[in-house]
Structure formats: structure tokens, C-alpha cells
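Before any comments, here is the structure.
The values are calculated or read from the model by the stated rules, or taken from the named source; none is laboratory data. Model, not experiment: these values are computed from the prediction. No Cβ is skipped: glycine too gets one built from the backbone with ideal geometry, and neighbour counts run over all protein chains shown.
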């Protein structure tokens, strides 16, 4: 009887462990993982259309971008960057 109780405890512990692991946000691509909007920045230096975790922000120090408001980008407040379901995303206004 004692072995059965021990086995049951082990099975429950394993089930809880797997449930925890599989309910975690997808972090296969840690470059887009976020916990809040402030974790996210634009992925491209010029005319951005996507977002990335700020730890992976591009180095734009030697980049010159035009002042053109490129359609369907984040240029000129045409969209915003949000953390949605633990993933950095660029939301482009229609």
C-alpha cells in the first residue's frame, strides 16, 4: 500500500510539472518574448514593421533613415508595439 501511495505522489508531481511546462508562454524564439509592452521595441531601424525584445534591439547608431512616412509601417504613429500573449508584436493601423 505504501508503494502505491508513493507511486501516486510521483505521478501527480510529474503531471503537475508537465502541466506547468506546457502552460508557459512559448519562448522558442526568445527574441520576441515579453512580459509587458515596455519589453518590446521596433525590430528594424528604418520603416519598422515588426517588434523584438529590447535585449535584441538593432544597433541603429550608423544607420540613416529617410523622413518619409512609409505606408504600412510604424512610421509617423501608424501603429504601435505591444506585448500580446508574451510576444512582441507591431500593430499597424489600417
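Applying the selection to region 55-94, what residues are under 20 Å from residue 33 (Cβ atoms) and in contact with a helix residue (DSSP H, G or I) (Cβ under 6 Å, 6 or more places away or on another chain)? Passing the criteria: 56, 82, 83, 87, 88. Among the residues of region 79-94, those identified as over 8 Å from the mean Cα position of the chain (by Cα) and assigned to a strand (DSSP E or B) are 79, 80, 81, 82, 90, 91, 92. Every condition in (1) modelled with pLDDT of 95 or more; (2) on the phi < 0 side of the Ramachandran plot; (3) assigned to a loop (DSSP other than H, G, I, E, B) is met by residue 25 except one, and the failing one is (1). Determine, yes or no, whether residue 76 is over 11 Å from the mean Cα position of the chain (by Cα), part of a helix (DSSP H, G or I), exposed (fewer than 15 other Cβ atoms within 10 Å of the Cβ) and at pLDDT 65 or above. Judged against the criteria, residue 76 is a match. Among the residues of region 29-49, just one is loosely packed, with under 13 Cβ neighbours inside 10 Å, in contact with a helix residue (DSSP H, G or I) (Cβ under 9 Å, 6 or more places away or on another chain) and under 14 Å from residue 82 (Cβ atoms), namely 38.
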